[in-house]
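Novice: So that we are looking at the same thing, I have put the structure below in structure tokens.
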Amino acid sequence: MKPTNFIAGVFEDPELIYRAAKKMNKSGVKIYDCYTPFAVHGLEKTMGIERTRLSIAAFIYGCTGFTLAVILQWFTSYMDWQINIGGKPNTPVLVTFVPVCFECTVLCTALGTIMTFWIKSKMFHGVKPDLFDDRQTSDLFILAIDADSNKNHDAINQILRENGAIDIRTKSFDKNHSLIQ
Amino acid sequence: MEHHHIEITEERFDFNSKTKNFVFMLIALGLVCTLAGVFMLKGEAGNIMEKRFWGSMLMAGYYTTLISLCGTVFIGINYLSNAGWSAAIKRVPEAMGQYLPIGVLTLLTIFFVGKEYVFEWSIPEVMNNDSLLQGKSSFLNTTFFIGGSIVFFGLYYFFTRYFRRLSIKEDKEKDVKIYHTNRRVAGGFMAIFGFTFPVISWMWMMSIDPHWFSTIYSIYNFAILWVCGITTICMFVLFLKGRGYLKIVTEEHLHDLGKMMFAFSIFWTYIWVSQYLLIWYANLPEEAIYYTERKGIDFGFQFWFNLIINFLAPLLILMTKNAKRKRNTLITAGIVIIGGHWNDLYLMVMPGVAGEEATIGLIEIGPTIFFFGIFIYVTLASLAKQSLIAVGHPYIKESALHEITP
């Protein structure tokens with residue numbers, strides 16, 4: 001469940017948000033998320049985000065695709081109706097299955113992984129963007145902290161200010177993730 | 001982000017007498033194995049000793065030359081694609097290319113002395129009584145063979161020297177113009193390599209079975225060159241890191257090399273299946289004979305073992321992210337890949353040369369150890385001549401800060 005009240009530190013420099021995130025993590029405040037217009041290397045480590053499990057999901061999709069391809073070819077060209085192609089043996093040999101297995105594995109892995117990524121990061125068609133600031137997709141860097149679970153607001157504000165935040169805002173979202181103030 | 005104030009300093013590899021002695025022992029071991037194998041088989045009927053000896057010499061010589069050539073190709077591709085990450089390790093492939101003249105000399109020596117045992121088309125009586133081979137005689141003749149090899153390998157060596165000379169000049173002058181010159185020259189090199197390497201693979205490998213042909217064969221050879229070359233680069237980098245050199249090379253660079261080893265093992269399998277599948281389906285007698293020989297009783301085990309060791313083993317060893325970043329798994333995968341492609345080359349050479357008499361004994365293993373010993377010696381000696389870090393490379397800082405997310 002997404003929290004509704006945030007403290008948002010606004011930065012103009014990737015270096016500054018990196019340092020602020022590091023300080024914040026050190027002082028024991030849990031960062032909700034950082035919003036940056038481009039990938040800031042090493043930021044996800046300093047924020048204390050765990051490694052993604054997307055690769056495990058991709059592996060499972062790949063295995064599924066491979067199995068489906070084997071079952072499909074085994075059923076259609078061996079089990080259900082044996083097709084005579086150039087007098088080739090009709091045993092379920094894997095040699096003839098290889099190209100289709102390869103393609104199905106790649107297809108299932110690619111589609112499954114990208115769909116999982118979309119679902120996990122809530123990127124559907126028609127979703128309202130819950131932006132803290134319109135410029136976070138262009139030239140602003142935003143460090144968002146859950147205001148309800150972290151009570152020591154003064155300390156958070158001070159860390160943000162000391163590390164070069166140009167602005168500190170309190171933001172609230174309603175149930176539909178649209179910005180109230 | 002964190003290591004912005006990184007120091008990039010010159011490093012000198014100390015090729016000390018301990019390492020030298022180890023490499024000399026490797027060369028001596030190879031020599032002893034080869035000689036022992038020769039004496040054990042001497043005087044057997046049907047020229048078995050000669051066939052196995054020259055076959056395994058050609059195999060080992062070709063293998064090391066391919067790996068050495070991959071050094072220059074790696075440099076060329078990285079210049080051409082404007083790659084930054086590889087700047088920290090670029091001295092290793094540069095040094096590997098220095099073995100090329102020795103490689104081509106050994107290949108030509110093998111051709112001069114042992115050609116009648118390896119290349120049946122080089123025997124005039126065989127050529128004169130075979131109209132199929134006469135059709136290919138404009139290509140399969142000694143002049144073209146020697147001339148082609150000297151010209152092509154000469155060109156490769158010229159580019160190897162050129163890239164290295166300019167790279168060393170760059171270290172002193174720190175001028176970005178040199179980098180751009182190298183980029184332009186790399187374009188020329190890649191075009192020349194792309195058109196001439198197929199001819200080399202036809203000459204030295206495909207003409208062992210002169211009646212047989214396969215259009216994907218040169219890509220197959222390139223796949224071997226590339227995956228074994230990348231693996232060897234990775235092994236040299238790990239060796240240097242183990243000695244405390246290459247301080248700016250981190251897990252991130254190893255991760256990239258590991259990914260390439262993983263990916264191009266799969267690429268090799270793709271090419272292998274492409275060649276096998278089409279020949280299996282079309283079932284033309286003159287093509288299918290190649291696989292009939294190799295799937296038979298003499299080579300059947302090795303034929304299927306080839307797929308396990310070159311495809312399944314790297315796939316499973318290097319699949320996870322952690323495996324590509326750890327020294328031990330990379331070394332395991334490296335040994336598997338280099339050993340596996342030795343088996344691959346064995347299957348390309350030996351069935352055509354020795355036929356059903358071929359087995360793996362001292363005489364097959366000896367030359368490989370011998371040539372690898374010389375290759376390692378030349379590479380390490382040329383690494384010791386220059387700084388291990390290309391300090392003047394425009395992307396050296398980018399390479400030092402290289403990071404893969406997530």
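Novice: Do you know which residues across the range B:354-367 are surrounded by fewer than 24 Cβ atoms within 10 Å (Cβ to Cβ) and either within 27 Å of B:PHE262 (Cα to Cα) or not small (Gly, Ala, Ser) (or both)? Working first, answer last.
Specialist: Residues of the range B:354-367 that are surrounded by fewer than 24 Cβ atoms within 10 Å (Cβ to Cβ), as a first pass: B:355-362, B:365.
Correct list: B:GLU356, B:GLU357, B:THR359, B:ILE360, B:LEU362, B:ILE365.
Novice: Would a scan of the range B:376-395 turn up a residue that is under 18 Å from the mean Cα position of the chain (by Cα), within 30 Å of B:THR292 (Cβ to Cβ) and surrounded by fewer than 22 Cβ atoms within 10 Å (Cβ to Cβ)?
Specialist: No, the conditions are met nowhere in the range B:376-395.
Novice: If I ask for residues that are away from chain A (no Cβ under 11 Å) and either open to solvent by 40 Å² or more (accessible area, probe 1.4 Å) or acidic (Asp, Glu) (or both), which ones from the range B:245-259 would you list?
Specialist: We begin by selecting, within the range B:245-259, every residue away from chain A (no Cβ under 11 Å); these are B:245-251, B:253-259.
B:TYR245, B:LYS247, B:THR250, B:GLU251, B:ASP256, B:LYS259 - these are the residues of the range B:245-259 that are away from chain A (no Cβ under 11 Å) and either open to solvent by 40 Å² or more (accessible area, probe 1.4 Å) or acidic (Asp, Glu) (or both).
For (1) buried (at least 24 other Cβ atoms within 10 Å of the Cβ); (2) in contact with a Ser or Thr (Cβ under 7 Å, 6 or more places away or on another chain); (3) of a type in the set (Ser, Thr, Tyr), each residue gets a yes or a no:
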| residue | (1), (2), (3) |
| --- | --- |
| B:ALA95 | yes, yes, no |
| B:GLN98 | no, yes, no |
| B:ILE102 | no, no, no |
| B:PHE112 | no, no, no |
| B:TYR117 | no, no, yes |
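Novice: Based on this model, can you work out whether B:ILE289 counts as more than 18 Å from the chain's Cα centre (by Cα), modelled with pLDDT under 95 and open to solvent by 10 Å² or more (accessible area, probe 1.4 Å)?
Specialist: Values: more than 18 Å from the chain's Cα centre (by Cα): yes; modelled with pLDDT under 95: yes; open to solvent by 10 Å² or more (accessible area, probe 1.4 Å): yes.
Answer is yes for this residue.
Novice: Answer yes or no: is there a residue in the range A:133-152 that is more than 25 Å from the chain's Cα centre (by Cα) and either open to solvent by 100 Å² or more (accessible area, probe 1.4 Å) or within 14 Å of chain B (Cβ to nearest Cβ) (or both).
Specialist: Initial filter on the range A:133-152 (more than 25 Å from the chain's Cα centre (by Cα)): A:151-152.
Applying the additional criterion that residues be either open to solvent by 100 Å² or more (accessible area, probe 1.4 Å) or within 14 Å of chain B (Cβ to nearest Cβ) (or both) yields A:151.
Scanning the range A:133-152 turns up at least one residue that is more than 25 Å from the chain's Cα centre (by Cα) and either open to solvent by 100 Å² or more (accessible area, probe 1.4 Å) or within 14 Å of chain B (Cβ to nearest Cβ) (or both).
Novice: Got at least one residue in the range B:331-352 being part of a loop (DSSP other than H, G, I, E, B) and open to solvent by less than 10 Å² (accessible area, probe 1.4 Å)?
Specialist: From the range B:331-352, those part of a loop (DSSP other than H, G, I, E, B) are none; that's our starting set.
Within the range B:331-352, not a single residue is part of a loop (DSSP other than H, G, I, E, B) and open to solvent by less than 10 Å² (accessible area, probe 1.4 Å).
Novice: Output the residues belonging to the range B:297-307 that are under 20 Å from B:MET206 (Cβ atoms) and either surrounded by fewer than 18 Cβ atoms within 10 Å (Cβ to Cβ) or not hydrophobic (A, V, I, L, M, F, W, C) (or both).
Specialist: Taking the range B:297-307 first, the residues under 20 Å from B:MET206 (Cβ atoms) are B:299, B:302-303, B:306.
Across the range B:297-307, the qualifying residues are B:GLN302, B:ASN306.
Novice: Still on this structure, please answer the following. Would you please name the residue that is nearest to B:TYR276 (Cα to Cα), looking only at residues in the range A:88-109 that are free of Cβ contacts under 8 Å to residues at least 12 places away in the same chain and open to solvent by less than 60 Å² (accessible area, probe 1.4 Å)?
Specialist: The qualifying residue nearest to B:TYR276 (Cα to Cα) is A:VAL95.
Novice: Mind listing whichever residues of the range B:157-191 are open to solvent by 80 Å² or more (accessible area, probe 1.4 Å) and either in contact with a strand residue (DSSP E or B) (Cβ under 7 Å, 6 or more places away or on another chain) or of a type outside the set (Asp, Glu) (or both)?
Specialist: Let us first name the residues in the range B:157-191 that are open to solvent by 80 Å² or more (accessible area, probe 1.4 Å), namely B:158, B:161, B:165, B:169, B:172-174, B:177, B:180, B:184.
Within the range B:157-191, B:PHE158, B:ARG161, B:ARG165, B:LYS169, B:LYS172, B:LYS174, B:LYS177, B:HIS180, B:ARG184 qualify.
Novice: Got a sec? Which of B:SER214, B:SER218 is within 19 Å of the chain's Cα centre (by Cα), open to solvent by 10 Å² or more (accessible area, probe 1.4 Å), closer than 30 Å to B:SER137 by Cβ and of a type in the set (Ser, Thr, Tyr)? It would help to see each step written out before you state the result.
Specialist: Working: B:SER214 fails: within 19 Å of the chain's Cα centre (by Cα).
Answer to the check: B:SER218.
Novice: Can you list residue pairs whose Cβ atoms sit under 7 Å apart, with the first residue in the range B:265-287 being at the interface with chain A (Cβ under 8 Å from one of its Cβ atoms) and closer than 15 Å to B:VAL227 by Cβ and the second being open to solvent by 70 Å² or more (accessible area, probe 1.4 Å) and not in a helix (DSSP H, G or I)? Count only pairs 6 or more apart in sequence or on different chains.
Specialist: none
Novice: OK, next. Which ones in the range A:21-51 are within 12 Å of chain B (Cβ to nearest Cβ), outside any helix (DSSP H, G or I) and open to solvent by 60 Å² or more (accessible area, probe 1.4 Å)? Full working, then the answer.
Specialist: Of the range A:21-51, the ones within 12 Å of chain B (Cβ to nearest Cβ) are A:21-22, A:36, A:38-47, A:49-51.
Within this subset, residues satisfying the condition of being outside any helix (DSSP H, G or I) are A:36, A:38-42, A:47, A:49-51.
The answer is A:PHE38, A:ALA39, A:HIS41, A:ILE49, A:GLU50, A:ARG51.
Novice: Moving on to the next point. For the range A:70-78, indicate whether the set of residues that are more than 24 Å from the chain's Cα centre (by Cα), in a loop (DSSP other than H, G, I, E, B) and touching a residue at least 12 places away in the same chain (Cβ under 8 Å) is non-empty. Walk me through how you get there before you give the answer.
Specialist: Going residue by residue through the range A:70-78, those that are more than 24 Å from the chain's Cα centre (by Cα) are A:70-78.
Right, trim to in a loop (DSSP other than H, G, I, E, B) and you get none.
So far as the range A:70-78 goes, no, none of its residues is more than 24 Å from the chain's Cα centre (by Cα), in a loop (DSSP other than H, G, I, E, B) and touching a residue at least 12 places away in the same chain (Cβ under 8 Å).
Novice: Moving on to the next point. With respect to B:THR9, determine if the residue is of a type in the set (S, T, N, Q) and modelled with pLDDT under 90. Working first, answer last.
Specialist: Values: of a type in the set (S, T, N, Q): yes; modelled with pLDDT under 90: yes.
Judged against the criteria, B:THR9 is a match.
The values are calculated or read from the model by the stated rules, or taken from the named source; none is laboratory data. Keep in mind that what you see is a predicted model, and the values were worked out from it rather than measured. Quick reminder, even Gly has a Cβ in these numbers, built from the backbone with ideal geometry, and neighbours come from all protein chains shown. Heavy atoms of the whole protein, side chains included, go into the accessibility calculation; ligands, DNA and RNA do not. Shrake-Rupley method; radii C 1.70, N 1.55, O 1.52, S 1.80 Å.
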